[in-house]
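Trainee: A single structure is presented below for examination.
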Amino acid sequence: MRIAILGANGPTGRLLTEQALAAGHDVVALTRRPDEFPIVHQKLVVAGGDVLDPDAVDPVVDGSEVVLSALGTPFTKEQVEVYSGGGRNTLDAMKRFGTSRFVVVTSGAVTGEPEPTGGFLFNRVLQPYVTNVLGKTVYDDMRRLEELMADSDTDWTVLRPSGLFDLPEVTEYSITAEHGPGRLTSRRDLAAALLLQATDQRFVRKVAHVITTVDNPSLLSMMWREARKK
Ligand SMILES: NC(=O)c1ccc[n+]([C@@H]2O[C@H](COP(=O)([O-])OP(=O)(O)OC[C@H]3O[C@@H](n4cnc5c(N)ncnc54)[C@H](OP(=O)(O)O)[C@@H]3O)[C@@H](O)[C@H]2O)c1
């Protein structure tokens, strides 16, 4: 199967690209920094371009059976449009080229609903501060993307991970329609869940929450590690 990967050069995107190639798929990877893309493989084409430019998106979607997106951007006070703008360009291209399966990533915090085991500090203080203040423009654009997906006539799936961290192997993560217990998702598990959607129909035209249930670091140490990465 030929799979187009958007956001292929991000931490999750690179893992997804590796997993898709290891599973024997042909991959077209879109990144604005093709010279810095670390993966070389005979079944991989690296396309340079911005997802907000329809001319960059078209050749990536053309001929692909599935589009998997791990696009994202750091928190900023500026207006964010990479999620919805990238989604819109991809949906337009899919219509033109007859591609039907589109899977994107937003966040488990996008609805503002409390996390089942979150507790007072997480649900009433930390999460609202992140979603309504620190990351407001990111979450606003994730919501615009979710609306675009729901209004589209594609076979879409929205994956909502929780806070991202890194583990060395894919685990037996949980993927469920409702937000299950747990505040963290490993990027390898998120990549595996994205790739699974290429061949699994359970979450077509649905939202799915992806949670890593084992080997979770403490929330504080995870936030510290993520903050040092940026
Ligand atoms: N961090 C968390 O705790 C958390 C929690 C829940 C959900 N999420 C979401 O999970 C997803 C994956 O996160 P991540 O940390 O693996 O990745 P990320 O750091 O958000 O990076 C994603 C990649 O998207 C690409 N990108 C951004 N703007 C682009 C544009 N205009 N055109 C083309 N490519 C563009 C960038 O690659 P290039 O610069 O090479 O183009 C970037 O490396 C994101 O959607 C994120 O918002 C994160």
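Trainee: Looking at the stretch 71-100, which of its residues are open to solvent by 20 Å² or more (accessible area, probe 1.4 Å) and within 12 Å of the ligand (Cβ to nearest atom)?
Mentor: Let us first name the residues in the stretch 71-100 that are open to solvent by 20 Å² or more (accessible area, probe 1.4 Å), namely 71-79, 81-82, 88-89, 91-92, 95-98, 100.
Of everything in the stretch 71-100, those that are open to solvent by 20 Å² or more (accessible area, probe 1.4 Å) and within 12 Å of the ligand (Cβ to nearest atom) turn out to be LEU71, GLY72, THR73, PRO74, PHE75, THR76, GLU81, VAL82, ASN89.
Trainee: If I ask for residues that are modelled with pLDDT under 95 and touching a helix residue (DSSP H, G or I) at 6+ places or on another chain (Cβ under 7 Å), which ones from the stretch 140-163 would you list?
Mentor: The one that is modelled with pLDDT under 95 and touching a helix residue (DSSP H, G or I) at 6+ places or on another chain (Cβ under 7 Å): GLY163.
Trainee: Could you count how many residues in the stretch 117-128 are open to solvent by 80 Å² or more (accessible area, probe 1.4 Å) and either assigned to a loop (DSSP other than H, G, I, E, B) or at pLDDT 90 or above (or both)?
Mentor: 1
Trainee: Just checking, which of THR90, THR73, THR111 is under 19 Å from the mean Cα position of the chain (by Cα) and at pLDDT below 95?
Mentor: Of THR90, THR73, THR111, the one residue that is under 19 Å from the mean Cα position of the chain (by Cα) and at pLDDT below 95 is THR111.
Trainee: How many residues are outside any helix (DSSP H, G or I) and open to solvent by 20 Å² or more (accessible area, probe 1.4 Å) when one looks only at the stretch 163-210?
Mentor: So the answer is 26.
Trainee: Evaluate the following for ARG187: is it more than 20 Å from ARG202 (Cα to Cα), basic (Lys, Arg), at pLDDT 95 or above and within 14 Å of the ligand (Cβ to nearest atom)?
Mentor: yes
Trainee: I would also like to ask the following. Among strands (runs of 3 or more DSSP E) lying entirely in the stretch 3-76, which contain 3 or more residues that are farther than 13 Å from ALA93 by Cβ?
Mentor: Correct list: 26-31, 44-48.
Trainee: Right, another one. Within the stretch 134-158, restricting attention to residues that are in a helix (DSSP H, G or I) and open to solvent by less than 10 Å² (accessible area, probe 1.4 Å), which residue is nearest to VAL103 (Cα to Cα)?
Mentor: The first filter runs over the stretch 134-158 and keeps only residues in a helix (DSSP H, G or I), leaving 134, 136-151.
Subset that is open to solvent by less than 10 Å² (accessible area, probe 1.4 Å): 138, 141, 145, 149.
On the way: VAL138: 18, ASP141: 16, LEU145: 11, MET149: 9 Å.
Per the stated criteria, the residue is MET149.
Trainee: Additional query: Which residue pairs have Cβ atoms closer than 9 Å, lie 6 or more positions apart in sequence or on different chains, and pair a first residue in the stretch 31-43 that is within 16 Å of the ligand (Cβ to nearest atom) and at pLDDT 95 or above with a second residue that is among the acidic types (Asp, Glu) and assigned to a loop (DSSP other than H, G, I, E, B)?
Mentor: Filtered contacts from the stretch 31-43: ARG32/ASP50.
The values are calculated or read from the model by the stated rules, or taken from the named source; none is laboratory data. It should be emphasised that the depicted structure is a prediction, and the values quoted were computed from it without experimental measurement. Every residue, glycine among them, receives a Cβ derived from its backbone with ideal geometry; neighbour counts consider all protein chains shown. The accessibility values were calculated without ligands, DNA or RNA, using every heavy atom of the protein model including side chains. Shrake-Rupley method; radii C 1.70, N 1.55, O 1.52, S 1.80 Å.
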